[in-house]
Structure formats: structure tokens, C-alpha cells
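Peer 1: Shown below is the structure under consideration.
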Amino acid sequence: MATAASPAFGVAARPLSVREARFYLYTALFVAGNVAFPALCHLVPGGGPMLLPIYFFTLIAAWRFGLAAGLATAVLSPLANHLLTGMPPQAMLPVILAKSVLLAVIASAVARRFGLSLVAVAMAVLGYQLAGGMVEWLLAGSLSAALADFRVGLPGIALQILGGYAALRLMDRPGTV
């Protein structure tokens, strides 16, 4: 399996194969993170829509471990969250699943193409938000609903870009996963 060099730091991100036990271990950890982080964010009034926490570990999984890990995290996280906490509401699941899958696809592609940089992470996050907004507009039939993540979720978009970049930088250090 090919690896993508990170031009900024020279460390290769290695996609995980579904044939590896590590794939299932890391996917389970990322899904758990995507359940725990939203639970913490929902302690703050409006924290879910404002901080967009359900996408954070999908970004990390797709960027660091490739498309398969990203897609597994993208699909399993909203479903696990809904089954365990009732959030997101069932009516929002199609939109959140679509955005999560778009994030996994875009983050994986940007990581392979550009490597790790703050600009590249921003491209992935803004790319999935733009594409996801269009999908939400089509599904909901409301431009206002589609723009809500941009209006209300600016802190979450910033958190994904800055926090995602910081987490990925830490993971790129020698001796880490």
C-alpha cells in the first residue's frame, strides 16, 4: 500500500487496511472520541451546533490513516452517537452522515496530495463544509439551514482547523502512531 509523504515534515501517513487489527482498534478509538467529545460539548448550551464536535475525529482518522478508516469513523460515529445519546436527532442523521463521509473523502485526498500543513487542513475542513452545505441545501431545501454551520459553527470550523492541525502534528512526531 502506498504512503503519502508529508512535504512539510517528511513523515509518511500510512493508510490502514481493513485486514489489519490496528484498523479496527483505531476506528473504535476515533468513534469513541466522536461520542465523548460531542457529549462534552453538549454540556455548553448550543455547544453541538457551535463546535461541530462530531466531525473532529473523522478528520484525524481520514487524514492520518486513510480513506477506509475515515469512512468507517464517518459512518459509525453519528450512528453510535444517535443510538447511545439520541443526538444527533434522527432527522439530522442523513445530513450529518453526508457531511461526515464528505469530510473523510476530502481529508484523505487532501492529505495524500498536499501533506500536513495548516493550509491543507483548512482546505479539507472548508471543502467538506462547502460540499456538505450544498448537500444539506438539496436535502433540506433551505439555504438558511445549509448556511447554519458557517454562521453558528465558525468556532467549530476554527477548532477543526487549528485543533485538527495540532493533533495531526503531534501524531507526526517520531514514536507516535
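Peer 1: Considering only the range 121-153, how many residues are touching a residue at least 24 places away in the same chain (Cβ under 8 Å) and of a type in the set (A, V, I, L, M)?
Peer 2: 11
Peer 1: Let me ask you something else. Would a scan of the range 50-62 turn up a residue that is of a type outside the set (Asp, Glu), crowded, with 20+ Cβ neighbours inside 10 Å, touching a residue at least 40 places away in the same chain (Cβ under 8 Å) and over 21 Å from ARG169 (Cβ atoms)?
Peer 2: Yes: the range 50-62 contains one or more residues that are of a type outside the set (Asp, Glu), crowded, with 20+ Cβ neighbours inside 10 Å, touching a residue at least 40 places away in the same chain (Cβ under 8 Å) and over 21 Å from ARG169 (Cβ atoms).
Peer 1: Still on this structure, please answer the following. Being crowded, with 16+ Cβ neighbours inside 10 Å and not in a helix (DSSP H, G or I) is the filter here; which residues of the range 107-158 pass it?
Peer 2: GLY115, LEU116, SER117, GLY153
Peer 1: On to the next question. Spot the failing condition for GLY46; the list is (1) under 26 Å from ARG151 (Cα atoms); (2) at pLDDT below 95; (3) crowded, with 16+ Cβ neighbours inside 10 Å, and only one is missed.
Peer 2: Unmet condition: (3).
Peer 1: Is there a residue in the range 41-49 that is in a helix (DSSP H, G or I), closer than 20 Å to TYR128 by Cα, more than 14 Å from the chain's Cα centre (by Cα) and touching a residue at least 40 places away in the same chain (Cβ under 8 Å)?
Peer 2: Scanning the range 41-49 turns up at least one residue that is in a helix (DSSP H, G or I), closer than 20 Å to TYR128 by Cα, more than 14 Å from the chain's Cα centre (by Cα) and touching a residue at least 40 places away in the same chain (Cβ under 8 Å).
Peer 1: Report the residue count in the range 83-96 for those that are crowded, with 17+ Cβ neighbours inside 10 Å, assigned to a helix (DSSP H, G or I) and touching a Pro at 6+ places or on another chain (Cβ under 7 Å).
Peer 2: The total comes to 1.
Peer 1: Would you mind stating whether LEU83 is modelled with pLDDT of 95 or more and more than 25 Å from ARG169 (Cα to Cα)?
Peer 2: Spelling it out, LEU83 is indeed modelled with pLDDT of 95 or more and more than 25 Å from ARG169 (Cα to Cα).
The values are calculated or read from the model by the stated rules, or taken from the named source; none is laboratory data. This is a predicted model, so every value here is computed, not measured. Glycine gets a Cβ as well: all are built from the backbone with ideal geometry, and neighbour counts include every protein chain shown.
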